[in-house]
Amino acid sequence: MRERNPLSARPSPRVGYRPPAGALSPSTLAAFGFGAAAPVHDDPRWLRVALEPLGDAPAEVWEVDGEVSRGRQGDLRWSRGGGWLFAAVECREDEHGGPEGAARYAYGLLSRFVATADERHVQRIWNYLGAINAGNGDDERYKHFCTGRIGGMGEIFAHGYPAATAIGHHADAALLQVYLLATDRPGTRVENPRQVSAWRYPRQYGRTPPSFARATLLPANDVLAISGTAAVVGHASAHAGDIDAQLAETLRNLETLLDTSGMPHGFGPSAPLKVYVRRPEDEETVRIFAAKHLPGAPLLLVHGDVCRAELLVEIDGWRYRG
Ligand code: 3EB
């Protein structure tokens, strides 16, 4: 058996989109189906995400080097292998008093679980909640989610926030899904010099600022894990209602993250991306933009609402160095 050099970080999971059949192999850390028509597998590594695909409905698959073990503990399920940990919580807000209580509960479970794991450095986290923009002003559901999230974040987040995505789904509005990727050493958090860090957003965006980093360079320096990225410049939303201009601004933000982290320019075959589209009728516009500006990038488009009502599109994903 080959010994692992203790000074070198484990290679990052390989992320790809595949047909859902056969998505799970012994070295699969996690796999995701999208929407109500996705298959159900009784395996803790499989999560059916409550976002409907636009167009093809591939599965997203994370592969690691090594055998993967797995288990469940109440509302939490986990898998680990090759130095990497996947953990997910699904819960119902009506059992936790609403979006704030559900977020506090989900983050509490995840924080306590990760705190006792070897893989305690959370690199990336995803959040899907229903009716994200319902409610006015400080009562918008996303803002309550932000308060619960920070309340449930334990010690493991005390040294800085992971890269994240928070998107509104259109399934059962009470369903909250949160999942994360962690490993045994810290990654490098990356902020975007074009944007105010989310945790410093001014009061107008809510009582509790969103707690996430713009990206994480994974410990082996081989992949940039990119947070949900939208047309935010400074702290303001740009180009309200204009899908073409928002896509162009989002791409400027994505390119800035590559520059800032020292990753090579451009998004192509080594950058699997997800695009969250508020208005399904914008699918064609998004595909035309992607064909031109993200040539060859594996893409998964889903119907999802960005956490600010005026934003029509958000893009997240991975940029592998080679
Ligand atoms: C923004 O830039 C857009 O609350 O976890 C993007 C990524 C956004 C993550 C989150 C929110 C989150 O502020 C919104």
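Some points to look at:
The rows are residues; the columns are (1) within 20 Å of the chain's Cα centre (by Cα); (2) more than 23 Å from GLY317 (Cβ to Cβ).
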position: PRO19; (1), (2): no, no
position: PHE32; (1), (2): yes, no
position: ARG72; (1), (2): no, yes
position: GLU90; (1), (2): yes, no
position: ALA102; (1), (2): yes, yes
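- So LEU257, is it under 16 Å from ARG189 (Cβ atoms) and either assigned to a loop (DSSP other than H, G, I, E, B) or at pLDDT 95 or above (or both): yes
- Subset of the stretch 193-208 [surrounded by 19 or more Cβ atoms within 10 Å (Cβ to Cβ) and more than 9 Å from the ligand (Cβ to nearest atom)]: GLY206, THR208
- Subset tally (residues that are in a helix (DSSP H, G or I) and within 28 Å of CYS146 (Cβ to Cβ)) for the stretch 269-316: 3
- Matching residues, the stretch 253-282, being touching a residue at least 40 places away in the same chain (Cβ under 8 Å) and in contact with a Pro (Cβ under 8 Å, 6 or more places away or on another chain): THR256, LEU258, THR260, ALA271, PRO272, LEU273
- Residues that are at negative phi, surrounded by 18 or more Cβ atoms within 10 Å (Cβ to Cβ) and in contact with a helix residue (DSSP H, G or I) (Cβ under 8 Å, 6 or more places away or on another chain), drawn from the stretch 239-262: ILE243, LEU247, LEU251
- GLY160 meets the conditions (1) assigned to a loop (DSSP other than H, G, I, E, B); (2) within 16 Å of the ligand (Cβ to nearest atom); (3) at negative phi in every case but one. The failed one is (3).
- Hits in the stretch 130-143 (condition: in contact with an Asp or Glu (Cβ under 8 Å, 6 or more places away or on another chain) and within 14 Å of the ligand (Cβ to nearest atom)): ILE132, ASN133
- Of all residues in the stretch 209-222, those that are part of a loop (DSSP other than H, G, I, E, B) and within 13 Å of the ligand (Cβ to nearest atom) total 5.
- Residue in the stretch 77-94 that is over 23 Å from ALA220 (Cα atoms), touching a strand residue (DSSP E or B) at 6+ places or on another chain (Cβ under 7 Å) and among the acidic types (Asp, Glu) present: yes
- Contact annotation: residue pairs with Cβ atoms under 7 Å, 6 or more positions apart or on different chains, pairing a residue in the stretch 175-204 that is touching a residue at least 60 places away in the same chain (Cβ under 8 Å) and closer than 28 Å to GLY97 by Cα with a partner that is among the β-branched types (Val, Ile, Thr) and away from the ligand (no atom under 11 Å from the Cβ), are GLN177/VAL49; VAL178/VAL89; LEU180/VAL122.
The values are calculated or read from the model by the stated rules, or taken from the named source; none is laboratory data. What you are looking at is a predicted structure, and each value in this text was computed from that prediction instead of being measured. As a convention, Cβ positions derive from the backbone with ideal geometry for all residues, glycine included, and neighbour counts pool all protein chains shown.
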